[in-house]
Amino acid sequence: MSKKDKEIPENEAAVEQPEATDTETQETATEPTEEDKFQELNEKLATLNDKYLRLYSEYENYRKRTNVEKADLLLNGSREMMKAILPVVDDFERALAATADEGVQLIYNKMMKILEQKGLKAMESKGEPFDENLHEAITRIPAAEEDQKGKVIDVVEKGYYLNDKVLRYAKVVVAF
């Protein structure tokens, strides 16, 4: 081969080579590299994992809230019934104060035992310091002694708890 023949293929190779590099750069511009694909998949994984964790947390909160509501409903479901029975209990106490009938006393004791088993408990207010969270002040009277100031002197209507929550506030007379 002559020197000219050798030069032509080199020139052709030189001409062909830039074309090949142009197509490679076009392919890399349109097709993402493996690193780009990997990063994109990692981002998708992170967003899906975040969504999953949020949904799981939301479900756990819902489950805990409904369990608490169920327990509260079981404990305090009889609240309205107990409120309706309290005037009858008051009438029993008035009847016991007026008469010494043993039959009324037996019925009253049975009823109170059943109500206590269901979570009803009478409030002890007389002689205690006045607490607006437990007592409803009907009136105020002057204190006979200095140590009686701010304390409950008399109970007009008993207060009751149902499962350690106030069912009815005690109506009281407070010394000032």
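Values quoted throughout were computed directly from the atomic coordinates according to the rules given, and no laboratory measurement underlies them. In this text the structure is predicted, and so the values were computed from the model without any measurement. As a convention, Cβ positions derive from the backbone with ideal geometry for all residues, glycine included, and neighbour counts pool all protein chains shown.
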Percent relative contact order for segment 80-156, counting Cα pairs under 8 Å at least six residues apart, stands at 27 percent
Each label sits 7 Å from Cα toward the beta-carbon; between Lys44 and Asn76 the label points are separated, in nm, by 5.0 nm
Which of Lys83/Lys171; Lys70/Lys110; Lys118/Lys171; Lys110/Lys165; Lys70/Lys121; Lys121/Lys171 exceed 18 Å between C-alpha atoms? The answer is Lys70/Lys110; Lys118/Lys171; Lys110/Lys165; Lys70/Lys121
Taking 0.36 nm per residue of separation between Glu157 and Leu55 and subtracting their Cα-Cα distance, the length gained on full extension comes to 31.7 nm
Rounded to 0.05, the calculated FRET efficiency for the beta carbons of Ala122 and Ala98 at R₀ = 22 Å is 0.65
Length gained if Glu132 through Asp91 is fully extended, taking 0.36 nm per residue and subtracting the Cα-Cα distance, is 12.2 nm
